[in-house]
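Read the structure below first, then the notes.
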Amino acid sequence: MSEAEQKTETPEANPARSGEMIRALVGVAAVSGILISVVFQWTLPAIKANRAEALQKAVFAVIPGVKTVVTFEVTQEGKLVALKEDKEAEEKMYAGYDQQGQLAGVALEAQGQGYQDVIKILYGYNPEKEHVVGINILDSKETPGLGDKIGKDPKFLANFEALDVRLKEDRSGAVHPLEVVKQGTKSKAWQIDSITGATISSKAVGKILNASVPQRLPVVQKNLDTLKEKP
Amino acid sequence: MQDMAGQTAAPTLETFLEGIWKENPVFIHLLGMCPVLAVSNSAVNALSMGLATTFVLVLSNIVVSSIRNLVPSQVRIAMFIMVIATFVTVAEYLLQTISLEIYAALGAYVPLIVVNCIILGRAESFASKNPILPSILDGLGTGVGFIIAIFMMGALREILGSGSLFGVALFGDQFEPWVVMILPSGGFFVLGFILLILAWTQERMKGEAK
């Protein structure tokens with residue numbers, strides 16, 4: 001085939017071939033679409049179960065002694081409404097109940113800027129003692145081996161087993177904002193021992209909690225009666 | 001179709017083995033560097049990435065090969081991409097049902113399998129010119145070659161950078177991990193090192209043959 005001939009082999013010049021092309025592409029696209037929707041429908045229950053399990057695990061990790069988890073929606077008026085299984089809501093909190101059905105704590109999500117990217121954490125809050133009782137890093141891109149210790153270092157995580165976040169009388173904020181201190185110098189219940197080599201990431205966790213505490217904890221305290229009755 | 005000329009291979013063991021050694025997509029062709037460097041920071045990630053890519057590679061080879069006579073050559077690339085994207089989406093859903101943790105660790109690199117040049121390359125240079133059986137063998141061979149390469153990188157980087165393999169600590173508490181190895185720069189170090197050794201071995205083998 002010479003070059004001149006090849007040039008005439010364009011779709012416009014040959015309507016029969018362009019029809020063939022359209023048929024081929026539409027055919028492949030249709031089959032692809034069907035295949036994807038079949039697989040989506042087929043895997044959806046398993047994926048949902050996986051997600052729910054991952055969330056339960058995360059909540060279990062931040063509140064000691066939890067047996068069941070109920071998701072609550074925070075409405076715009078600041079009220080709490082128990083959420084049906086597969087419903088989504090903009091602002092949520094997770095109430096954990098122990099074996100007797102008593103409220104063991106509330107798990108709240110918070111996020112903020114870390115060293116590399118946004119850090120997402122889930123923290124457990126005990127409304128009776130007004131303590132943070134555990135944290136879990138849901139998502140972070142902190143430097144492997146250094147910053148990512150915030151989710152692994154047992155000494156650092158021990159900071160959050162009984163961290164004082166008592167609210168002021170008027171619930172406008174914490175009595176003592178959290179302070180991140182040098183490793184080994186923690187002396188107050190509202191201080192966090194940082195990790196050597198991961199100072200910025202440690203401070204970021206403190207900052208994220210400090211931003212979340214005055215915003216979310218008053219809602220928990222206001223709605224304590226709703227939370228205490230296990231739906 | 002007029003453009004059906006080109007090599008046709010019988011389904012032989014050679015087709016399969018070629019992708020593993022002589023035509024290894026990573027170590028010889030240096031294709032698919034993006035996932036190889038990015039997600040080879042642990043053995044599990046590397047292995048899952050390798051398996052997902054092989055899954056897409058074999059299935060897209062089958063489809064491309066079976067409809068190779070029905071699709072006009074002008075739209076073949078568009079068709080390849082569509083087929084590959086479909087199987088990548090399928091692989092994404094399957095991966096989520098198997099493990100959300102691995103899915104999260106692989107992140108953006110799962111959808112990016114769509115533009116993995118190994119898969120498009122095999123579709124264009126092999127599957128679109130050969131019958132189904134050799135195409136399957138070619139896909140499997142190239143896929144296994146890719147798995148070997150990315151797993152080698154992943155295992156080496158995890159051992160050096162975290163002191164563990166598949167999350168199991170290999171050394172005692174005394175071991176100070178060589179953190180740079182699981183950072184992006186470590187990927188380049190390890191890849192360069194492996195390529196150096198391979199080139200050196202090949203050079204020696206050539207010398208001995210003479």
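Side notes on the structure shown:
- For A:A61, the test of being closer than 30 Å to B:F87 by Cα, modelled with pLDDT of 80 or more and assigned to a helix (DSSP H, G or I) is failed.
- Strands (runs of 3 or more DSSP E) wholly inside the stretch A:75-127 containing at least 1 residues that are of a type outside the set (A, V, I, L, M): A:92-97, A:103-113, A:118-126
- Scanning the stretch A:76-91 for residues that are of a type outside the set (G, A, S) and either exposed (fewer than 13 other Cβ atoms within 10 Å of the Cβ) or within 13 Å of A:L227 (Cα to Cα) (or both) yields A:Q76, A:E77, A:K79, A:L80, A:V81, A:L83, A:K84, A:E85, A:D86, A:K87, A:E88, A:E90.
- A single member of A:E90, A:E53 is more than 14 Å from every other protein chain (Cβ to nearest Cβ), out of contact with any strand residue (DSSP E or B) (no Cβ under 7 Å at 6 or more places or on another chain) and not small (G, A, S), and it is A:E90.
- Leading residue by the ranking (surrounded by the most Cβ atoms within 10 Å (Cβ to Cβ)) among those in the stretch A:140-185 that are over 23 Å from B:I182 (Cβ atoms), out of contact with any helix residue (DSSP H, G or I) (no Cβ under 6 Å at 6 or more places or on another chain) and of a type in the set (V, I, T): A:V181
- Which listed residue is touching a Phe, Trp or Tyr at 6+ places or on another chain (Cβ under 9 Å) and modelled with pLDDT of 85 or more, from A:L55, A:L83, A:L35: A:L35
- Checked against (1) closer than 17 Å to B:A104 by Cα; (2) over 19 Å from the mean Cα position of the chain (by Cα), A:R51 passes all but a single condition, namely (2).
- Cβ-Cβ under 8 Å pairs, at least 6 apart or on other chains, the stretch A:32-57 side of a type in the set (F, W, Y), far side part of a helix (DSSP H, G or I) and surrounded by 15 or more Cβ atoms within 10 Å (Cβ to Cβ): A:F40/B:Y93
- All positions within the stretch B:22-78 that are hydroxyl-bearing (S, T, Y), more than 13 Å from chain A (Cβ to nearest Cβ) and either more than 12 Å from the chain's Cα centre (by Cα) or surrounded by fewer than 19 Cβ atoms within 10 Å (Cβ to Cβ) (or both): B:S65
- Residue within the stretch B:90-103 that is outside any loop (DSSP other than H, G, I, E, B), at positive phi and out of contact with any strand residue (DSSP E or B) (no Cβ under 6 Å at 6 or more places or on another chain) present: no
The values are calculated or read from the model by the stated rules, or taken from the named source; none is laboratory data. Quick caveat, the model's predicted, so the values are computed rather than measured. All Cβ positions, glycine included, derive from the backbone under ideal geometry; neighbour counts span all protein chains shown.
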